[in-house]
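S.K.: Dumping the structure here so I can ask a few things about it.
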Amino acid sequence: MNKHIESISVFDMLKIGVGPSSSHTLGPWRAAKRFITKLKDTHKFEMVASIKVDLYGSLSLTGKGHATDVAVIMGLTGADPQTCNIDEIPTTVDHIKLFRRLDLDGEFTFDFNPDEDIVFNRKFLPFHPNGIRFTATLTNDKKVRETYYSIGGGFVVQEERKRAERKKIAFECFPRPVEKATDLLKFCKQEGKAISQIVLENELYLHTEEEINERFKQIWDVMLDSMYIGCHTEGTLPGGLNVRRRAYDSHLKLQKNTNYTDKYEWIKAIRSQEVRFREILKWVSCFALAVNEVNASLGRVVTAPTNGSAGVIPSVLMYYIVIENHDANFEDIKRFLLVAGEVGSLFKKGATISAAMGGCQAEIGVSSAMAAAGLTELMGGSPEQVLMAAEIAMEHHLGLTCDPIGGLVQIPCIERNAMGAIKAINACEMALDGDAANAKVPLDKVIDTMWQTAQDMNTKYKETSEGGLAINVAMADC
């Protein structure tokens, strides 16, 4: 095996976390927890007298709107973004700000004033646009300093470890190593298997099938929860833009007085309707809007591959369940997520899933490609057609900028999830009707092109709120 091929689990591409951003919220949250682990591993945890956190680049420029400071605080308390009570986050943060005291990992209290100890530095560190540095001053006046980079999708790295030669460990030894789409297709042809089967066999190298099934059930449950909650919650999103939740109103018009008691009965109620083409578009958009309204309000969602694009995959999968196949079951959900996760990993290896590196093409574009691929396999597409669908979806997101108004994951981010979902479905249909054997643009080429486009894109269009809608539409105008 080529030890330089990075093996990425689908569960790294599909993480459960708290909104509104995987790179600006989940990443810093996890970085804070890693810093705590570092202090404990070096036996300096109990010697901490104070901690200062410096945010750099995009984390600084749009950190307030992305709740980066909130994420850092919660990470330092030791809270788990996957399991913590999200309703208690505002109370916890307000208490720390009021009393200027923080329980480090829930074990001991020290002075911490977020207004002074979390510093938003506008400058960029050279390694990555999303830099975060923790400095702990110990009781003996010595300091422990660690710098982390949130590289998108909740992934966190350190520069020296990224550049060092990786050790050969089990995680990097998938039996079917995949670096490019051509590698994936090669294994499918050699073994006569679908993409989901190849990906599953790699995952079985890391987890038992029971563990895999349980994790996929947890992921789908959070996805379904976020759609259900978003469709049943009205009001205005936090942050100052005064964006009214639209999924609630849209859902109210679509549900046609059907009766249900929970999210599973809700699925049956939607299935019972005779849905026309326009309503299909509205339902898919409604599902996508719902997820990202939950995300924008610091709710729990699944990075797919990021929080900002969390609505695309659930809405397309829901489309399959309530529109295309009323007999769909857990195995269909599992296959969809296996394929989607693998396609997402191809983009992470060959390009980026960070808007701070590649603009919104790295978020909505990748999520649309992932969703298109997953749907195409469920619709009976060949491995070639699956990869063709992913290519079509990304091809028509190339160059998409990231220019959030006020640094909030709301405008234009929420609507872009609906557009990405519709494009994914369309890409699937085009691939199923197309001649995949003679596709003019291979998926690997569009991934390469996306990375080249990312490098050519002006920095102000990469999640800095210094270009595009972010400067042409002021918060006061919204």
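S.K.: Here are some conditions: (1) at pLDDT 95 or above; (2) buried (at least 17 other Cβ atoms within 10 Å of the Cβ). GLU265 meets all but one. Which one does it not meet?
M.R.: (2)
S.K.: Answer yes or no as to whether ILE447 is part of a helix (DSSP H, G or I) and touching a Phe, Trp or Tyr at 6+ places or on another chain (Cβ under 8 Å).
M.R.: Criteria met by ILE447.
S.K.: Here's a follow-up. Restricting to region 300-329, give me the number of residues that are over 13 Å from the mean Cα position of the chain (by Cα) and outside any helix (DSSP H, G or I).
M.R.: Of the residues in region 300-329, 5 are over 13 Å from the mean Cα position of the chain (by Cα) and outside any helix (DSSP H, G or I).
S.K.: Return yes or no: is GLU116 among the acidic types (Asp, Glu) and modelled with pLDDT under 95?
M.R.: no
S.K.: For VAL53, are the conditions met, namely being within 20 Å of ARG145 (Cα to Cα), out of contact with any Pro (no Cβ under 9 Å at 6 or more places or on another chain) and at pLDDT 95 or above?
M.R.: no
S.K.: Within region 71-80, count every residue that is surrounded by fewer than 24 Cβ atoms within 10 Å (Cβ to Cβ) and under 14 Å from ARG300 (Cβ atoms).
M.R.: Qualifying residue count, region 71-80: 2.
S.K.: Could I ask something else about it? I'd like the full set of residues that are over 15 Å from MET370 (Cβ atoms) and either crowded, with 20+ Cβ neighbours inside 10 Å or out of contact with any Phe, Trp or Tyr (no Cβ under 9 Å at 6 or more places or on another chain) (or both), limited to region 319-333.
M.R.: Across region 319-333, the qualifying residues are ILE321, VAL322, GLU324, ASN325, HIS326, ASP327, ASN329, GLU331.
S.K.: Then there is this: With (1) under 25 Å from GLY406 (Cα atoms); (2) in contact with a strand residue (DSSP E or B) (Cβ under 9 Å, 6 or more places away or on another chain); (3) modelled with pLDDT under 95 as the list, and PHE110 as the residue in question, which single condition is left unmet?
M.R.: (1)
S.K.: Any idea how many residues of region 18-46 are surrounded by fewer than 24 Cβ atoms within 10 Å (Cβ to Cβ), part of a helix (DSSP H, G or I) and among the β-branched types (Val, Ile, Thr)?
M.R.: So the answer is 2.
Conditions tested, residue by residue: (1) closer than 16 Å to CYS413 by Cβ; (2) at pLDDT 95 or above; (3) more than 23 Å from the chain's Cα centre (by Cα).
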site	(1), (2), (3)
ASP435	no, no, yes
LYS445	no, yes, yes
THR449	no, yes, no
ALA454	no, yes, no
SER465	yes, no, no
CYS478	yes, no, yes
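S.K.: Looking at region 263-290, I want the residues that are farther than 24 Å from ASP221 by Cβ and have a partner that is among the hydroxyl-bearing types (Ser, Thr, Tyr) with Cβ atoms under 8 Å, at least 6 apart or on another chain. Which pairs are those?
M.R.: ILE280/TYR319; LYS282/SER250
The rows are residues; the columns are (1) over 30 Å from ALA304 (Cα atoms); (2) at pLDDT below 95; (3) of a type outside the set (A, V, I, L, M, F, W, C).
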site	(1), (2), (3)
PHE11	no, no, no
PHE35	no, no, no
LEU39	yes, no, no
THR42	yes, no, yes
SER58	no, yes, yes
GLY65	no, yes, yes
VAL70	no, no, no
THR92	no, no, yes
ASP103	yes, no, yes
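S.K.: Among the residues of region 270-296 satisfying the criterion of being of a type in the set (Gly, Ala, Ser) and at pLDDT 95 or above, which is surrounded by the most Cβ atoms within 10 Å (Cβ to Cβ)?
M.R.: So the residue we want is ALA288.
S.K.: Only one of these is without any contact (Cβ under 8 Å) to a residue 40 or more places away in the chain, outside any loop (DSSP other than H, G, I, E, B) and not small (Gly, Ala, Ser): GLU415, GLU429, GLU384, GLU391. Name it.
M.R.: Only one candidate qualifies: GLU429.
S.K.: Just a yes or no: is a residue in region 410-423 under 30 Å from LYS64 (Cβ atoms), surrounded by fewer than 19 Cβ atoms within 10 Å (Cβ to Cβ) and basic (Lys, Arg)?
M.R.: No: zero hits.
S.K.: For region 104-129, name all the residues that are not in a loop (DSSP other than H, G, I, E, B) and not acidic (Asp, Glu).
M.R.: The answer is LEU104, PHE108, THR109, PHE110, PRO114, ILE118, VAL119, PHE120.
S.K.: Mind counting the residues in region 161-187 that are modelled with pLDDT under 55 and outside any helix (DSSP H, G or I)?
M.R.: The number of residues fulfilling the criteria is 6.
The values are calculated or read from the model by the stated rules, or taken from the named source; none is laboratory data. Bear in mind the structure is a predicted one, so any value in this text is a computation, not a measurement. All Cβ positions, even for glycine, are placed from backbone atoms using ideal geometry, and neighbour counts span all protein chains on display.
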